[in-house]
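Since the structure comes first, as C-alpha cells, the remarks are kept for the end.
Coordinate-derived values only; no laboratory data. Computed from a predicted structure; not experimentally measured. Positions of Cβ are generated from backbone atoms using ideal geometry, with glycine treated the same way; all protein chains shown enter the neighbour counts.
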Amino acid sequence: MNLNRRRGGAIAKAYGNAFEALFMSACRHAGIHVVQIPMGAKVIRCRGKLTTIKVKTPFDFVLMKDGVTVMVDTKTVDGSTFPFSKITRHQLESLAHCEVFGVKAGYVVNFRETGQMAFFSSRVLSRLRPNASLIAEDGENLGNTRSPNLFYFVVRP
C-alpha cells in the first residue's frame, strides 16, 4: 500500500473515531443509554503462543431509552452522498436480522460536506443497488454535527 493511501486511511479513521465520540456524547445528552461494542478480537494459539486476531463486529452501538432498543453502526463520508460501496455486508446482515425481531437497526451516517446526520434502516440499505448512493434526505434526519437532534430517535415505532 502506498504512503498516500495509508495516510488517507488514517485520516478517514480519525474522522470516523471523532464522529463516534460526538455521537456517543449526543446520545447521552438526549438521555439515551449507549453501549459501545468493543473492537472484536479472538485469542488463538499460534506456534505455541497465544495471540489475538481481529474479528468483525456486527455494529458499533446498542442504544436504549424507555424500553426501546436501537442497533447502530456509524459511518462518515466526505461528500454529500453515501455510496453503496460503504455498506459492509456482514454488518447489514446483522442489522437486518435485528430488524426481523422488531428492533430498529441501521446506519447513522455523518455527511461531512453538509454536516448533516441521517439514519438509514437496514431495509433502506438493503434496497440500495451497486453504483447507487443515498443523500441525507433519503433517511431519518438527525440534525447536524453541531446540533444533533437525537431526542426522538430512540422512540417506540
Exercise for review: Rounded to whole Hz and in sequence order, give me ³J(HN,Hα) for the range 55-71 from the Karplus expression 6.51 cos²θ - 1.76 cosθ + 1.60, θ = phi - 60°, writing x for Gly and Pro.
Suggested key: 10, 6, 9, x, 5, 8, 9, 10, 10, 9, 7, 6, x, 10, 10, 10, 9
Review point. Got the relative contact order for the range 17-68 handy, in percent, Cα pairs under 8 Å and 6 or more residues apart?
Key: 35 percent
Check your understanding: Can you list the HN-Hα couplings for the range 125-132, worked out from phi with the Karplus curve (6.51, -1.76, 1.60; θ = phi - 60°), rounded to whole Hz and with x for Gly and Pro?
Key -> 5, 6, 7, 5, 9, x, 6, 9
Review point. How many angstrom lie between the C-alpha centres of the range 3-24 and the range 78-106?
Key: 19 Å
Exercise for review: Using the charge dipole of the chain (Lys, Arg: +1 at Cβ; Asp, Glu: -1 at Cβ; taken about the Cα centre), state which of Gly40, Phe101, Ser126 has its Cα farthest towards the positive end.
Suggested key: Gly40
Review point. Between the DSSP loop rule and a limit of at most 11 other Cβ atoms within 10 Å, which trypsin sites (Lys or Arg not before Pro) in the range 13-102 are left?
Key: Arg47, Lys56
Check your understanding: Does the range 94-157 classify as rounded, prolate or oblate by the C-alpha gyration tensor (a ≥ b ≥ c root eigenvalues; a/c under 1.5 gives rounded; else a/b over b/c gives prolate, otherwise oblate)?
Key -> oblate
Review point. Under a point-charge model restricted to the Cβ atoms of Lys and Arg (+1) and Asp and Glu (-1), what is the dipole moment magnitude of the chain relative to its Cα centre, in debye to the nearest 20?
Key: 920 debye
Practice item. Can you pull a Stokes-Einstein diffusion coefficient for the chain at 4 °C (1.567 mPa s), Rh from Kirkwood over Cα pairs, as a whole number of µm²/s? Key: 78 µm²/s
Review point. Ala10 to Ile135: FRET efficiency via 1/(1 + (r/R0)^6), r the Cβ-Cβ distance, R0 30 Å, to the nearest 0.05?
Key: 0.65
**Study point:** Candidates per chymotrypsin sites (Phe, Trp or Tyr not before Pro) in the range 24-109, loop by DSSP, up to 11 other Cβ within 10 Å
**Key:** Phe101
Check your understanding: Each label point is 7 Å from the Cα along the Cα-to-Cβ direction; what then is the distance between the points at Arg45 and Ser85, in nm?
Key -> 4.3 nm
**Study point:** For the chain: relative contact order, % (alpha-carbon pairs under 8 angstrom, 6 or more apart)
**Key:** 20 percent
Exercise for review: Sort Met117, Met64, Met39 so the one with the fewest other Cβ atoms within 10 Å of its own Cβ comes first.
Suggested key: Met39, Met64, Met117
Review point. In nm, to one decimal, how far is the Ser147 label point from the Thr52 one, both placed 7 Å along Cα→Cβ?
Key: 4.1 nm
Check your understanding: Length gain on complete extension for the stretch Glu113 to Leu3, per 0.36 nm per residue less the alpha carbon to alpha carbon distance?
Key -> 37.1 nm
